[in-house]
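First the structure, in the form of structure tokens, and then the observations on it.
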Amino acid sequence: MAESYEEEDAKLTQSNNSSDDEESNEIEEQTDQEEDSSGRAAGEKAQSSEDIREKSVDRGYFFPCVMFFIPTVLVLVFAVVFGPSQLSTTSDIDHVKVFENKLQSLQSVLTNQTDRFWKILKNRGLAHLRSVSPRQPLVLLLASPPPAHDVTNCLAEKLGEALDPKHKKNVAQVDGVKVKGSPGEKVKKSMDDLLKEKFQQGHRAAVIQHLELLPPPSPLLFYSYCDDQNAPHKHVAIIFTVHLPSEPDSSLPAKEAEGMVEKYLSEEVWAKENQDSVGALLSRVADTVVLMNGESGELVKTLCS
């Protein structure tokens with residue numbers, strides 16, 4: 001009997017120990033779960049903090065970008081809105097039409113000029129004006145024998161006005177008569193300063209009267225201004241006048257008579273200068289020569305008054 005009680009006590013003790021073990025295991029599992037939950041919560045909190053920091057960094061980059069982007073957009077809008085109006089101020093003048101009308105008017109007055117004379121002026125002038133991006137400036141040389149001396153400079157001015165109607169009251173001009181005998185380098189610099197100023201202000205034409213009287217080496221300035229590839233101002237027209245001491249032989253073909261102008265400049269006017277430099281200059285300023293005829297005094301007064 002006593003042994004039976006002892007066996008039951010042993011079973012109860014073993015059962016209690018098992019229950020204690022199971023309860024302990026459940027507590028440990030619950031603790032592990034709570035620790036896992038706490039770990040996940042901490043991880044999520046850490047991730048949330050990291051996200052917040054990343055968003056803060058993103059905002060740190062975002063706001064400077066916005067501050068840069070907005071002014072850029074405003075500048076573009078300003079250019080779109082105000083750009084065309086500014087362009088329209090320079091394109092209000094139909095230069096081709098103005099030149100054609102002016103040339104036709106001059107032709108109706110100066111009736112003693114040849115068809116070749118007017119054809120050269122018209123073709124060269126229109127080709128230059130119609131070009132959106134001229135590859136070189138328009139260079140014309142009006143050659144004047146004695147009977148045409150009175151009208152040549154006046155016609156050069158009228159052509160300058162026709163090519164640059166916006167500045168017809170103050171076309172850039174240089175007169176060789178006024179600088180004859182002055183130091184050549186000084187004249188060269190003053191001409192360079194004048195042309196730079198005028199062309200940078202938007203002038204489209206310059207008239208150089210009495211090229212033959214400009215003191216050397218000042219004419220060499222036009223080697224660059226009239227260059228056919230690297231001229232600094234390709235949108236402009238430069239009109240020269242040369243007063244010849246005598247008329248070319250009337251029996252010469254027109255092309256040969258025009259060629260006498262180069263001969264006069266190289267062999268008489270600039271005979272003492274370096275002929276290589278003279279030849280290079282003439283290839284630019286005398287590429288298009290138009291030889292004038294004389295006109296009646298009354299017509300000259302009417303045109304140039």
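Please work out which one of (1) touching a Ser or Thr at 6+ places or on another chain (Cβ under 6 Å); (2) surrounded by fewer than 20 Cβ atoms within 10 Å (Cβ to Cβ) is the condition Ala254 fails and give its number.
If we test Ala254 against (1) touching a Ser or Thr at 6+ places or on another chain (Cβ under 6 Å); (2) surrounded by fewer than 20 Cβ atoms within 10 Å (Cβ to Cβ), just (1) comes out false.
Residues checked against (1) touching a Ser or Thr at 6+ places or on another chain (Cβ under 8 Å); (2) of a type in the set (Lys, Arg):
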| position | (1), (2) |
| --- | --- |
| Asn230 | yes, no |
| His233 | no, no |
| Leu265 | no, no |
| Arg284 | no, yes |
| Gly297 | no, no |
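Test Val236 against the stated conditions and say whether it is closer than 23 Å to Leu159 by Cα, of a type in the set (A, V, I, L, M, F, W, C), modelled with pLDDT of 95 or more and surrounded by 16 or more Cβ atoms within 10 Å (Cβ to Cβ).
Working: closer than 23 Å to Leu159 by Cα: yes; of a type in the set (A, V, I, L, M, F, W, C): yes; modelled with pLDDT of 95 or more: yes; surrounded by 16 or more Cβ atoms within 10 Å (Cβ to Cβ): yes.
So Val236 fits the description; yes.
As an exercise: evaluate Val261 against (1) of a type in the set (Val, Ile, Thr); (2) under 30 Å from Lys166 (Cα atoms); (3) touching a strand residue (DSSP E or B) at 6+ places or on another chain (Cβ under 6 Å) and give the number of the one condition it does not meet.
Exception for Val261: condition (2).
Any idea which of Glu267, Glu258, Glu273 is out of contact with any Gly (no Cβ under 8 Å at 6 or more places or on another chain), within 17 Å of Gly176 (Cβ to Cβ) and charged (D, E, K, R)?
Working: Glu267 fails: within 17 Å of Gly176 (Cβ to Cβ); Glu258 fails: within 17 Å of Gly176 (Cβ to Cβ).
Selected residue: Glu273, the only one of Glu267, Glu258, Glu273 that is out of contact with any Gly (no Cβ under 8 Å at 6 or more places or on another chain), within 17 Å of Gly176 (Cβ to Cβ) and charged (D, E, K, R).
Quickly run through region 238-295 and pick out the residues that are free of Cβ contacts under 8 Å to residues at least 60 places away in the same chain, outside any helix (DSSP H, G or I) and either among the hydrophobic types (A, V, I, L, M, F, W, C) or in contact with a Cys (Cβ under 9 Å, 6 or more places away or on another chain) (or both).
Scanning region 238-295 gives Leu252, Trp270, Ala271.
Does Lys180 satisfy being charged (D, E, K, R), crowded, with 21+ Cβ neighbours inside 10 Å and modelled with pLDDT of 95 or more?
No; evaluated as a whole, the condition is false for this residue.
All but one of (1) modelled with pLDDT under 50; (2) closer than 29 Å to Leu221 by Cβ; (3) more than 26 Å from the chain's Cα centre (by Cα) hold for Phe63; state the number of the condition that does not hold.
(2)
The values are calculated or read from the model by the stated rules, or taken from the named source; none is laboratory data. All of these numbers come straight from a predicted model, not from anything done at the bench. All Cβ positions, even for glycine, are placed from backbone atoms using ideal geometry, and neighbour counts span all protein chains on display.
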